[in-house]
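Below: the structure, in structure tokens.
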Amino acid sequence: MRRSTALLPLLALLLAGCSAAPDGARGAGPSDAGPSDARPSGGSPSDGAWWRPRPGVEWQWQLSGRLDTSVDVPVYDIDGFDHDAATVAGLHDDGRRVVCYLSTGAWEDWRPDAKKFPAAVIGESNGWKGERWLDIRRTDVLEPLLAARLDMCRDKGFDAVEPDNMDGYRNTTGFPVEAADQLRYNRLVARLAHERGLSVGLKNDLDQIPALVGDFDFAVNEQCAQYGECAELTPFVEAGKAVFHVEYELPTSAFCADSRRLKLSSLLKKYELGAWREAC
């Protein structure tokens, strides 16, 4: 996740003191999500019959605290490890689509598969307690680990995956990762998701949107309004693909008008990504 570096010490303290589960502070044709569209209708991964959310669809993003299932929106984005198949099924019964949050570009020391990642692929801290960048050049090591995580999302019944930390090449990872490495890795993540019938979103990585918009089914963005970057997400909207967007520091009055104009699905959230939300 992208964060202002000036906020990282404060956020680390917030996370260290959080009483919720240790999940960090998170941090065949197109169809709208809605009560009548709770599950894909037929098809198989090979024919591309996975969910494709359209621009403007409402959503809830909750990655910490007790899950509040009462928010009346058609899309929920929740932690893939922290929630079981029964939770996903319950959301489906309520007419929701459900997105599986995973970190695919960073190692998290509390995950049940953490010991399966060899030390050689674990790099510098990404600024969050217990998290370190991965050497995404090592697809020989990481692909089977990613595949197992995506199997988990599929087996729990999720409709889609939100792969986080997909822009390591723009950060100090401890490895000489270049833009071409990131493109290759992100496309690998998209392919593995699609092979399992899962929709997949591009998280941040604004500079590579022109190259990747065709590989991903939606985008997830943090703080594009704060940094004056929301127009860079236009290729997704023009392709009929949703952009799920959050701000943390700006009031809704500062970004909602532009969000509506750009057809973004925008929320104001707190950094810990609990249940609280303020929608545009």
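The values are calculated or read from the model by the stated rules, or taken from the named source; none is laboratory data. This structure is a prediction, so every number in the text was calculated from the model and none was measured. Reconstructed Cβ throughout: ideal geometry from the backbone, glycine too, with neighbour counts over all protein chains shown. With ligands, DNA and RNA removed, areas are computed over all heavy atoms of the protein, side chains included. Shrake-Rupley method; radii C 1.70, N 1.55, O 1.52, S 1.80 Å.
Key figures
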| quantity | calculated |
| --- | --- |
| Solvent-accessible area, 1.4 Å probe, carbon plus sulfur percent, for region 135-237 | 48 |
| Proximal lysines relative to Lys269, as straight alpha-carbon distance under 21 Å, when same-chain residues fewer than 8 apart are discounted | Lys129, Lys203 |
| Coarse-grained scattering of region 120-236 at q = 0.10, 0.13, 0.14, 0.16 Å⁻¹, given as base-10 log I(q)/I(0) from a Debye sum over alpha-carbon atoms | -0.30, -0.51, -0.60, -0.79 |
| Contour excess over end-to-end distance, with Cα ends at Asp155 and Ser70 and 0.36 nm allotted per residue | 28.2 nm |
| Calculated FRET efficiency for the pair Ser253/Asp140, C-beta based, R₀ 45 Å, to 0.05 | 0.35 |
| Calculated FRET efficiency for the pair Ala239/Arg260, C-beta based, R₀ 22 Å, to 0.05 | 0.70 |
| Cβ-Cβ FRET estimate between Ala119 and Lys270, R0 fixed at 45 Å, reported to 0.05 | 0.85 |
| Charged-residue dipole, Cβ positions (Lys, Arg, Asp, Glu), region 136-197 about Cα centre, Debye nearest 20 | 80 |
| Gain on full stretching of the segment that runs from Ala148 to Asp94 - 0.36 nm per residue minus C-alpha separation | 16.7 nm |
